[in-house]
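Undergrad: One structure, as structure tokens, below. Some questions next.
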Amino acid sequence: MDLKEIRQLIRFLSGTDVSEIEITEDGKTVRINRATAGDGMALGPAQIVQPTYIQSAPEPQQPQAASPGAVAPVEPVEGATINSPMVGTLYLAPSPESPQFVAVGDMVKKGQVVCIVEAMKLMNEIESEINGRIVSILKENASPVEYGEPLFQVEEV
């Protein structure tokens, strides 16, 4: 991602309620964090950071009563997961007429493309960071995803 694209992204975000976005491209990650009035943070330059693989067992959540218009909380996922490195739209196949990159039961190798996350009209191939077997696909095709949201549950081998 070049400086012109980063500036366009910053301008785009200024017209939204989004306060932070992270985009990974060619092994480099750009994170833009926009401070809002009253939060005491100084605005700083965008940072380039190395992507990280998150493997954890989230804390169990207490069930909450749903209110009208409320979004259901993300269910905790046990074991290894492949998480979304950015906010965008998940695609499980390279095109609508193509088969999915991976299916439940498939073995994946580190570096193998498992899906695409579209962000700002850029198609970002998401690669597995571990060797293992796909236990479950946690999101549906063409669904929105958030940064760090689990996409696949993987049994490491």
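Throughout, read-outs are computed from the coordinates displayed, never taken from laboratory work. Treat the numbers as computed from the prediction; the structure is a model and nothing was measured. Here the Cβ is made from the backbone with ideal geometry for all residues, glycine too, and neighbour counts use every protein chain on show.
Undergrad: Lys/Arg Cβ at +1, Asp/Glu Cβ at -1, dipole of the range 113-157 taken about the Cα centre: which of S136, P150, L122 is farthest positive-ward?
TA: It is L122.
Undergrad: Using per-residue counts of other Cβ atoms within 10 Å, averaged over each peptide, order 132-142, 95-105, 81-91 from highest down.
TA: Values: 132-142: 15.8, 95-105: 11.8, 81-91: 22.2.
Answer by packing, highest mean first, reads 81-91, 132-142, 95-105.
Undergrad: What ³J(HN,Hα) values, in whole Hz, does the Karplus curve 6.51 cos²θ - 1.76 cosθ + 1.60 give for the range 92-109 when θ = phi - 60°, with x put for Gly and Pro?
TA: Result, ordered by residue: 8, 9, x, 7, x, 8, 8, x, 4, 4, 9, 10, 4, x, 5, 8, 10, 10 Hz.
Undergrad: Around V154, which amide H atoms from residues at least 5 apart in sequence, or from another chain, sit under 5 Å from its own amide H, with H modelled in the peptide plane?
TA: Those lying under 5 Å, H to H, from V154 are A80, T81, I82, V135.
Undergrad: Run the reach check for K139 against lysines, Cα to Cα strictly under 29 Å, same-chain hits fewer than 8 apart removed. What comes back?
TA: K28, K109, K110, K121
Undergrad: From the phi angles alone, apply the Karplus equation (6.51, -1.76, 1.60; θ = phi - 60°) to the range 132-139 and give each ³J(HN,Hα) in whole Hz, x where the residue is Gly or Pro.
TA: x, 10, 5, 8, 7, 9, 8, 10
Undergrad: Now, a different point. Taking amide H positions as placed in the peptide plane 1.01 Å from N, state which residues far from V87 in sequence (5 or more) or on other chains have amide H under 5 Å from it.
TA: Correct list: E22, Y147.
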